[in-house]
1. Take the range 179-201 and flag every residue that is crowded, with 23+ Cβ neighbours inside 10 Å, closer than 25 Å to L291 by Cβ and more than 10 Å from ligand 2 (Cβ to nearest atom).
2. Within the range 230-248, track down each residue that is assigned to a helix (DSSP H, G or I), within 16 Å of ligand 2 (Cβ to nearest atom) and open to solvent by less than 30 Å² (accessible area, probe 1.4 Å).
3. If you take the residues of the range 162-189 that are assigned to a helix (DSSP H, G or I) and more than 15 Å from the chain's Cα centre (by Cα), which of them is farthest from ligand 1 (Cβ to nearest atom)?
4. So is S299 more than 16 Å from ligand 2 (Cβ to nearest atom) and part of a strand (DSSP E or B) or not?
5. Among the numbered criteria (1) modelled with pLDDT of 95 or more; (2) within 16 Å of ligand 1 (Cβ to nearest atom), which one does D199 miss?
6. Considering the range 249-258 alone, what residues qualify as being more than 16 Å from F233 (Cβ to Cβ), open to solvent by less than 50 Å² (accessible area, probe 1.4 Å) and not acidic (D, E)?
7. Could you tell me whether any residue of the range 157-170 is open to solvent by 60 Å² or more (accessible area, probe 1.4 Å), more than 16 Å from ligand 2 (Cβ to nearest atom) and closer than 17 Å to D243 by Cβ?
8. Suppose we filter the range 138-161 for residues that are within 16 Å of the chain's Cα centre (by Cα) and more than 20 Å from Q303 (Cβ to Cβ); how many remain?
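The values are calculated or read from the model by the stated rules, or taken from the named source; none is laboratory data. Given the structure is predicted, the values throughout are model-derived calculations rather than measurements. Counting neighbours? That spans all protein chains shown, and the Cβs are built from the backbone with ideal geometry, glycine included. For accessibility, only protein heavy atoms count, side chains too; no ligands or nucleic acids. Shrake-Rupley method; radii C 1.70, N 1.55, O 1.52, S 1.80 Å.
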Amino acid sequence: MRETAQTVWKNCLKFIKDNIQPQAYKTWFEPIVAVKLVDQALSIQVPSKFFYEWLEEHYVKILKVALTKELGEQARLVYIIKMENTYGNKQPYTERIPSSNRSAVKTQEVDIPLQNKNPELKNPFVIPGIRNVKIESQLNPNYSFENFLEGDSNRLARNAGIAVANKPGGTSFNPLLVFGGVGLGKTHLAHAIGVDIKDKYPERTVLYISAEKFTQQYIDAVKKNNRNDFIHFYQIIDVLILDDVQFFSGKSGTQDVFFHIFNHLHQNGKQVILTSDKAPVDMQDIEQRLLSRFKWGLSAELQHPDFETRVSILKNKLYRDGVEMPDEIIDYVAKNIKTNVRELEGAIISLIAQSSFNKKEITLSLAKEIVEKFVKNTKREVSIDYIQKVVSDYFQMDVDTLQSKTRKRHIVQARQLAMFFAKKFTKASLASIGSQIGKRDHATVLHACKTVDNLSSTDKQFRKYVEDLTKKLSL
Ligand code: ADP
Ligand code: MG
C-alpha cells in the first residue's frame, strides 16, 4: 500500500518539478512525504499547517493536474499535518514547544476534495489556540512617526514608512529597507512603522527584533532541536521588522533560515521591514540570493540631517521634555553637532543636566563648553587604533589579521589603507604609524601611501573603498 502511494507521488513530483521553479520545488515539495493511498485518495504528510495553507494557495492547480493524471478524475488529496501542539503564549518564543515533549506530536488530517473550491471546505479545521497566539510586538511607543521629524535627509524613507504602515504588505515597498549611518534614526523609524500598524490594525501580529537577537534565538533553536518551531513561529507574523541586518554578514546558517522565512512571508503578502547600516550593494558576506530579495522592494537611505532638521529635532525634544531654551543656544548646538541625531540629543541632554545639577542657567557659554566636549570626544576617537578598527571592520577581518605578516592581497590592501588614513588623519610620523600597524618601518608606510594614491586613481573599486572609509572616519 505504502509503495503505491510513493510511486504515485513520485510521478506527481516529476511532473511538478518540470513545471515550477527549482527553488520552489525544493522548498515546498521535497519535504513532503507520501503516506498512503486509499482508493483514489492520496495522503501526503506536510510539516506544518502553514505548509499546507501555502500549498493550497499556490499549488492547488498543479497538484490537481498531477494527481488527476495519475489517479483519474476521482483523485483526492489528503494532507496530514504533522504538528506539535501546546502553542502556549507565555513562553519565550524560541521555546514555544519543548522538543523533548515528543508525545505532544500529533497529526491532523485535512481531506481536500480537489474538485471543490468551496472556501468553507478549504479550512475545515482550526488548530485550537494557534490563531490566538499573542506575540509581544517589542515596540517602543515613544518611537512614533510623530516624534520622527521630517527633513530632506529622511523624506523618502519616512514617507515610504508611512505608506507601508497604511497598507502593510499591500505596497510595492516590500521589503522596505531603511539604511544609513549610526544614529540617523533607523531604529526609530522601524519602530514607528510598527507602532502605527499596531494602531491601525490591532489584530495584526507585528514583531520588532534585532538581527542580533534573531541570530541568538536561531542558535538556541538549533541547539535545542527546535529549528522548525523557530521557522514556524516567524512564519505566522504579519509584519516582521528586523533591525540591523548587516549583523547577518558571514552567518550563513542564519541567512539561510531567514531566507526561508522571508520567502514565506513575502509570498503570503506579509510585510517585511529591514534596516541596515549599509546599502545592499555594500553589504559584505551576505548571500546573493538574500541581497537580491532585499532589492525587491524599496531601499531608502537616511542621510545626515541638514541644519533645519537638526533644529526641529532639538526643538521637538525640548518641547517633549518640557524644557525651554533660547533659540540662540539651540542654533549653536545644531550648527556644531552634525554627525548624528543621537549625539545631538546627547549634547542637549547633557546641557539640561549640567544646568540643573549645578543650578547654572543655560547660557551660550555653557553650551559652548558642552558642545566642545562632544566634538572633542568624537575627534579624539580618530587614533591609529580607531583607524585600524574601522578599516578591519569594513573588510570584515580582525585587527590581528590586518596587522599580520601575510602577503594575501586583500589583507595587504587593508593594511595599506590603514596606513594611508593614519597618515591622513593623525599627526603621527611615518615611523610611528609603521610601528603601530604591524611593526613595519617608515619606508613601508611611505610605500603604502603611494600605492593607495595610485590605486585610487586607477581602480574604481579601490576608489570606492577610499571614499567609504573617508566617510566613516570623518564622521
Ligand atoms: P540608528 O538606529 O540609525 O542608529 P536611532 O533610531 O537609534 O538610530 O536614532 C538615534 C536617536 O536619534 C534616537 O533617540 C531617535 O529618536 C533620534 N532620531 C533620529 N532621527 C530622528 C528624527 N528624524 N526625528 C527625531 N528624532 C530622531
Ligand atoms: Mg539602530
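1. Result: F179, I193, G194.
2. Let us first name the residues in the range 230-248 that are assigned to a helix (DSSP H, G or I), namely 230-235, 245-248.
Pick out the ones that are also within 16 Å of ligand 2 (Cβ to nearest atom) and you get 245-248.
Correct list: V245, F248.
3. My answer is N166.
4. Details: more than 16 Å from ligand 2 (Cβ to nearest atom): yes; part of a strand (DSSP E or B): yes.
Taking the combined requirement at face value, the residue satisfies it.
5. All conditions pass for D199, except number (2).
6. If we filter the range 249-258 for residues that are more than 16 Å from F233 (Cβ to Cβ), which is where we start, we get 249-253, 255-256.
If we keep only those that are open to solvent by less than 50 Å² (accessible area, probe 1.4 Å) as well, we get 249, 253, 255-256.
Hits for the range 249-258 are S249, G253, Q255.
7. no
8. Going through the range 138-161, the residues within 16 Å of the chain's Cα centre (by Cα) turn out to be 138-139, 157, 161.
Then keep just the ones that are more than 20 Å from Q303 (Cβ to Cβ); that gives 138-139.
Residues flagged as within 16 Å of the chain's Cα centre (by Cα) and more than 20 Å from Q303 (Cβ to Cβ) within the range 138-161 amount to 2.
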